[in-house]
Each structure stands twice: as C-alpha cells, then as structure tokens.
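Shown next, in structure tokens, is the structure this report addresses.
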Amino acid sequence: MRYRLLLLLACLLPCAARATAADDYLRELQQNAARAHLAQDPYWLRLLHFRDNRLLPGAGSTIDDALFFNAAQGKHDAQAELNATLARFFSDVPVMDEPPQCRFRARYEWLRQRLQFDPARLPPQRCPLHEEWLRNLDTVAIAAVFAANDLNSPATMYGHSLLRLDREGQGPDQRLLAYAVNYAANIAQGENMLTYTVLGISGGFAGQYSVYRYHEKVRQYARINNRDLWEYPLKLSREDVHRVLLHLWEMRGVGSEYYFFTENCSYMMLALLQTARPGLYLTQAYDFPGLYTIPVDTLRTLREAGLLDEAEFRPSLARRLRHQLQQLSQAQERWVLQASDPHGTVDFEDPRYRQASARDRARMLETANDRLYLSFNEHDVERAQALPATRALLAERSQLDADAGFTAVPVPGTSPERGHETSRWTFALRHAQGQDAAVLRFRGAYHDRLDPPAGYLAGGELEFFDLGLLARQDGLRLSDLRLVNVQAISAWDRAFRPWSWQVSGGLRRYGLDALRAQTQGRPGAYVDGGIGLAAAPASQQLLYGFAFAQLDANTDLDQDHALAAGLRGGWAGSFGAHWTQQLELDYLGPLSGAAGHQLQLRLGTQWQPGANDGLRLSWRSLRESQQSLHSIELGWQHYF
C-alpha cells in the first residue's frame, strides 16, 4: 500500500510542478503586459474592434459574438480580455476544434512578439488547419474593390466594398481566380422589403466575413447586377498582408450586428485592413459621431492613408453590351435585337448576318448572346425561352475562328473616390414676395442631379437627411427635411428599355408656403413616388417623365391631409465639367383632402469652380387655386 502511494505521488508531483510553473509564467506575462500597458495599446484595441462608446463613457467592441472573446466581459474590458487570452494560450482545450493559439492567431502572434514568449515555458501549438488555409490562399497582395451603387437595391444604393486576395504574378484575367473577402448581412431568402429595411437600420441582421472565389463576386455584381467594379491595389507589404490574414482567420464564423448605415460592409473592411500594421488608423473618422459609413468615403480614407494605388476598371455587362452595339452597323444591330428577342427568331440565313464579314458575324453572335443573358438576369425572359436561342448562337459561334475584336470599353474619366465629397453644407439667400431670408442647409448624403456629376452614377439622385432652415430676424424656422429622396433615371433605347422611378419622404411646408421667405403655416409629413420613362437625346443629357402621386399630412389643411396625383416632366444635362442644369414641370390634380390643382415649374443651374464647391441658382414658380408665387435662391455649396 505504501509502495502504491509513493508511485502515485511520483506521477502527480511533476504534473503539479508543471502546473505551478505554467501559473507562475502566466502571472509573469500578465504582469509584464500590465507594465507595458498592452491592454491600452491601439493595435490591441484594433484587434478587438474596440472604439469609444457614442453616448456613454467608456469603450467597447463592435463584435457581438461571444465566440470572439476569451473573457466574459471581454466585449467591454480590454484588460480582462488580454489576461484571459494569455491564460487561454496555456490551455490545450480546443476552441471551435482548434488549439487556442491557432484560433486566436493574430492575438497570439502580436502578444508573442511584444512579450517575447519563452517557447520552453509556453510551448507553441501546431496549427495545421491555419497553415493549410494560408497555403490555399497563397496571398501576396490585397486590392480594395468598389461595386458601383445600384439604386434598385436598398442594400447597395451607396455601393459595396470588398477585398480581393491576389497571388504572385496574376494578370487581370487570372485575378478572377483569386479569392475575395466579403462582409455582408445574413438575410433569409424572401425577406420582405419593410422587414428588411427595419432590421437593416436597427441591427437586426447578423453580419459575417466570408471568403469566395473572386469570379463569383464579379459574376454577381458585373454580370448579374450590372454594376461596374473599380479595383484598387493596396500599398501593403507582405508582412502587412500576412497580419490582415491572421486577423481574418480569427473572424471566421464570428457574427456581429449589421447596421446598414454604420457597421456595414465598408466599415468592417476598414476594421480588417487597419490590422495590417501598428499605427494604421482607418475607422476613427466613422466612430464619432458615427452617423453613417458610405463605401466611396472609405475609398477616400484609404487614399488619405496612402494605401490606394491607381484604379483598374471592370465594366458591367450592360456597359460592355452598349459599347459592343456601338461597333455594329444599324442593320447588324437590328439582327442582334431580333436574335436576342425571346419572341424573335435566330435566322442565320438573313442577309444582314450572312453577308457580314467573319469578324462582324463573331461580333453579332457574341452581342446577341450577351443581350439574351442580360435579359435573363433581369427576369425579362424565362430560362426555357432563352436556352434554344443561346444554344443556337453558341453553336454558330463555335464554327467561326474569327476574333470579334471589340475595342476596350472606355474607362470613365473620374473614378468614384475622386468625385465630390458626400456630405454638403449650403448657405443661400431666398427672395419671394418682396421678403428675404437666409437658408442654411445640411445634407448627410449623397448626390443630386445638380451636384458635380463626375464619379457618380449617371441619372441617379440619392439624398439622405437633407435639412433646410430659414433664418430671419425673428429666428430660425424649419424649411424642410428630406429624410430620403431617390430618383433612378435610366434612358430607353432600342436595346435597353428600363423603367425609371422615384420616391421621397420627410417634412415640408405645403403648397405656396414651401416657397415663401416668410413662412405662414406649419410643416407636416409627406411622401411621394412615381414611375416613368427616360431618353438620352445627346451625351450628358436626359429627358424624363413620371406619373406620380404625393400625400401631405398637415394640421393646417382641411381634413389634415392632401392627396394628389399627376405628371412630372424634366430635362437634366451638363455642359462641360463645370455646369449642370435641370428643368422640371409638375402638374397635380386633387384626389382627396385639401388637395387642389397645382402647376409648378423648377429651374436650377450650378457652376462648380472645384470638385467640392459650387454656386447654385434655383428658381421656382407655383400656381395653386388661382394664386401664384415665385421664389429665387442663390447659394454656395460646400461638399465635405
């Protein structure tokens, strides 16, 4: 019995000694970290996605998933998280099927370098999954990718940001086989628009990083959603790239509340990139007051940090198709339109096709197939209808050895990040009915049709939180508040026949009172919307028309509301790089409440001496219920 007890003690004593040694070394590391103030080190805070709280004192992480933290209070206590992380490194208990030093690889490598881990006292753990993942990515460089905004999708009205992970020696075509890093909300299929909007604004969706093949994202954005892609190689060393990948590894499977305006794809891409090296701060400008994060603004942040290289342009299918059609004769174009019409026929005996050169036939076949593919993506044709024509076109193309020889799609003269800044201050003077007032305006985002068009979506108008105040000797008064204003105007032609649409809502004064310098009534809520058509008679010119309705809710009105419907016609254009103009005429007829017949004419023009400044002149005339009023404003616009 005594022998057995001695044998048991002989076995347990080394284990106890090792445990005591590990505990001693852990305390030593924690004390060294405290003396070096590592828990307050900016890089440690960036690894934890910490930022100052917007309203209350203190700081916390934007990551909400408990899997990301080692301490129960780690989301709000960087010191507790550091101590718990060091303790976890001594454990062999797997975290999500990985050794702790592997699961929290970015934190391990940074703490190892700062505290000079003794491998004899804290043995390194093998990380085969992590090493295989790095080998498969084989990343030596990173590019930021901006997908142009799509006004037809609420989630991408302001554009989308992602990253491309490049391998050694990849050219433009080979880069399609690279990997891409995306951050997006996990949205259930079939989510209705109202629920989607409410949850997207309030953080009701969980967002996650994910890694895809880049060609999948190119297909999604450029070929299916018809959005141009701008690709910016980033000026990062291989060590910088490696640190970003270490942090990306830690973020696998980690969810966080997704906010459409703030903690969105662009903010989280900056949060990932700022782990590239100590001293790189990218999210600070968006942390306070933190009202919104717009993708194109984050490109400017990267440019200001010296990270952005020259842009490379990847056109959308729609832009490429328009360019291809311009290289066909009128007869060839008509054949293409017939062959790609789901109700038309593919006639290879047609003289327009048969008498064309081999190069032109190749062009006609490829263009017809691209247009058919575009129609399928836009749900204008069913798969069963498109397949026979597609097979016939591809079979005929396979018999031709000739190269189509299309010229390259022209690159827009201004890349998105070089357009005007997205927020705007305005100081203007208004004159109406012999009265004058100063007008102060602030617009949170983003672009209207009189703003400098360079770098922005042609025909698009998107405004969020546009607040106007009237200043007179008797004080400030609310002029109007447009919470949202969207106009998506796309020109019709023989090959493309899109619908245009508009919607806006907020607070405003009703009727003639909206034009006055000395207001008389009270503001009320409103919403309007409509659908229409547009044409482009010349370059940089748009003609458009809408059928629309508007509803005003205002206690100054009989029955407290006015519902009307009517027509809107307009023209917008720019002459050179510095002048923009717009003319609109509205007619509204009454439907309910206090609504009467209204006829309103609006004329605006703006001169831009620079990308971020403009002088705007606006004139409005409204006739309502046998009364007329004219108003003129002259104001200076500054974009920031």
Which condition number in (1) at positive phi; (2) open to solvent by less than 40 Å² (accessible area, probe 1.4 Å) is the one that THR275 fails?
-> (1)
Count of the stretch 174-213 residues which are open to solvent by 50 Å² or more (accessible area, probe 1.4 Å), part of a strand (DSSP E or B) and under 18 Å from PHE260 (Cα atoms) | 1
Which ones in the stretch 78-108 are surrounded by fewer than 17 Cβ atoms within 10 Å (Cβ to Cβ) and touching a residue at least 40 places away in the same chain (Cβ under 8 Å)?
-> MET96
ALA120 fails exactly one of (1) of a type in the set (A, V, I, L, M, F, W, C); (2) part of a loop (DSSP other than H, G, I, E, B); (3) crowded, with 16+ Cβ neighbours inside 10 Å, namely (3)
Report, by residue number, each residue of the stretch 284-323 that is open to solvent by less than 30 Å² (accessible area, probe 1.4 Å), in contact with a strand residue (DSSP E or B) (Cβ under 7 Å, 6 or more places away or on another chain), in a loop (DSSP other than H, G, I, E, B) and within 22 Å of PRO42 (Cα to Cα).
-> LEU307
Taking ASP97, is it closer than 30 Å to ALA454 by Cα and at pLDDT below 95?
-> no
Scan the stretch 132-150 and give yes if some residue there is modelled with pLDDT under 90 and part of a helix (DSSP H, G or I), otherwise no.
-> no
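Looking only at the stretch 451-492, which residues are aromatic (Phe, Trp, Tyr) and either open to solvent by less than 10 Å² (accessible area, probe 1.4 Å) or farther than 22 Å from ARG509 by Cβ (or both)?
The answer is TYR456, TRP492.
Quick check on this structure: which one of VAL336, VAL381 is part of a loop (DSSP other than H, G, I, E, B) and surrounded by 14 or more Cβ atoms within 10 Å (Cβ to Cβ)? Quick ask: steps written out before the conclusion?
Numbers: VAL336 fails: part of a loop (DSSP other than H, G, I, E, B).
Matching residue, one of VAL336, VAL381: VAL381.
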Residues in the stretch 205-218: is at least one assigned by the TED database to the domain that holds LEU248, modelled with pLDDT under 85 and either under 21 Å from LEU151 (Cβ atoms) or acidic (Asp, Glu) (or both)?
-> no
Please name all residue pairs, on different chains or six or more residues apart, with Cβ atoms under 6 Å, provided the first residue is in the stretch 337-350 and is hydrophobic (A, V, I, L, M, F, W, C) and the second residue is part of a loop (DSSP other than H, G, I, E, B) and at pLDDT below 95.
-> ALA339/VAL346
Have a look at ALA368, ALA362, ALA305 and point out the one that is closer than 30 Å to PHE640 by Cα, among the small types (Gly, Ala, Ser) and in contact (Cβ under 8 Å) with a residue 24 or more places away in the chain.
-> ALA305
Go through the residues of the stretch 358-365 one by one and say whether even a single one is closer than 20 Å to GLU333 by Cβ and part of a loop (DSSP other than H, G, I, E, B).
-> no
Which ones in the stretch 43-62 are among the aliphatic types (A, V, I, L, M) and surrounded by fewer than 20 Cβ atoms within 10 Å (Cβ to Cβ)?
-> LEU45, LEU55, LEU56, ALA59
Restricting attention to the stretch 63-75, the residues that are assigned to a loop (DSSP other than H, G, I, E, B), buried (at least 20 other Cβ atoms within 10 Å of the Cβ) and out of contact with any Gly (no Cβ under 7 Å at 6 or more places or on another chain) number exactly 4
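The values are calculated or read from the model by the stated rules, or taken from the named source; none is laboratory data. Remember, it's a predicted structure, so these values are computed and weren't measured experimentally. Glycine gets a Cβ as well: all are built from the backbone with ideal geometry, and neighbour counts include every protein chain shown. Calculation scope for accessible area: heavy atoms of the full protein, side chains included, ligands and nucleic acids excluded. Shrake-Rupley method; radii C 1.70, N 1.55, O 1.52, S 1.80 Å.
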